[in-house]
Amino acid sequence: MQERNDVMRSFGSHLWVEVAPHRWLAAGSARLVEEVVDVIGDGKEATIYCCRADEHLEASWMVAKVYRAQKFRAFNNTSRYLDAGEIRDRRQRRAVQKKTRAGRGFAHHVWIEREWDTLNLLYEAGADIPEPYAHSADAILMEYVGEPGEVAPLLLRVELEGAELREAFETLLENIELFLACDRIHGDLSAYNVLWWEGRPKIIDLPQAVPASGAPDAYALLRRDVHNICRYFERAGLRTDAGAIAERLWKRWLRGEL
């Protein structure tokens, strides 16, 4: 109940932190969300709510991803995905490095900002991801993928065959390449965080995305992403070569060809 109230407090008024620079949002809109309808996802880090959009907006439905600071998974594996150097305030940076309770709270908000920034960067570049709408201190409001009462299924739950199987594989590889061109690696990509709707994938869960140019194990993360995707398609009957694909992408990125 508290999370629902927080969603309405932030997005049902003018208390959101930032709105994406997309034209559909009318200037001076009194609110973005009219009602929090239901929980459509409940993970370790966040709860996903289906929301009814304000009647004056183009989008009829939205998703609010509400992070839980007390269950902040990334804080337990900070070194791989979150560089404390990203935090400018010295006191906050020290708290994150020491993994104090306050540090978990600071890292939690940095995590949200990172997903927001990554969503905007990749959406503007044309990646197959949900459109970001707005964010508050603890949540991100974004595109609802599916229809009312029918949330898009995870790729893991979809059975693809023939030409559609090959096309889906190639589309996901194109997205991994586009991420790289934007200096980003998803870092946790698999069939568990790809939605499938109307013949297209939508890649989700991007807070742990890292810069290809800055992460010390960027190539290892890229290889893991590619291997995870290839494994799904191999089980569906498609022959792939994850190692060769990852190596080719990485070399092209290093040469500035993406």
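The values are calculated or read from the model by the stated rules, or taken from the named source; none is laboratory data. All figures in this text were calculated on a predicted structure; none of them were measured in a lab. No Cβ is skipped: glycine too gets one built from the backbone with ideal geometry, and neighbour counts run over all protein chains shown.
The set of residues from segment 201-215 being buried (at least 22 other Cβ atoms within 10 Å of the Cβ) and free of Cβ contacts under 8 Å to residues at least 24 places away in the same chain is empty. Residues in segment 162-192 that are among the charged types (D, E, K, R), surrounded by fewer than 17 Cβ atoms within 10 Å (Cβ to Cβ) and free of Cβ contacts under 8 Å to residues at least 60 places away in the same chain: E164, E167, E170, E174, D183.
Can you go through L238, L222, L254 and tell me which one is touching a residue at least 24 places away in the same chain (Cβ under 8 Å) and more than 13 Å from L189 (Cα to Cα)?
Values: L222 fails: more than 13 Å from L189 (Cα to Cα); L254 fails: touching a residue at least 24 places away in the same chain (Cβ under 8 Å).
None of the other options fit; the residue is L238.
The number of residues in segment 205-234 being modelled with pLDDT under 95 and over 19 Å from L121 (Cα atoms) comes to 2.
Taking the criterion of being at pLDDT 95 or above and of a type in the set (F, W, Y), the residues of segment 97-148 that qualify are Y123, Y144.
For segment 146-161, the set of residues classified as within 25 Å of Y67 (Cα to Cα), hydrophobic (A, V, I, L, M, F, W, C) and touching a residue at least 60 places away in the same chain (Cβ under 8 Å) consists of V151, L155, L156, listed by residue number. A244 meets all of the listed conditions (1) part of a helix (DSSP H, G or I); (2) in contact with a helix residue (DSSP H, G or I) (Cβ under 9 Å, 6 or more places away or on another chain) but one, namely (2).
The residue that is surrounded by the fewest Cβ atoms within 10 Å (Cβ to Cβ), among those in segment 28-61 that are part of a strand (DSSP E or B) and small (G, A, S), is G41. So in segment 141-174, with the set limited to residues that are assigned to a helix (DSSP H, G or I) and in contact with a Pro (Cβ under 7 Å, 6 or more places away or on another chain), which one is farthest from R235 (Cα to Cα)? Checking each candidate, the answer is T171. If you go through segment 126-143 and keep only what is hydroxyl-bearing (S, T, Y) and within 11 Å of K65 (Cα to Cα), you end up with just S136.
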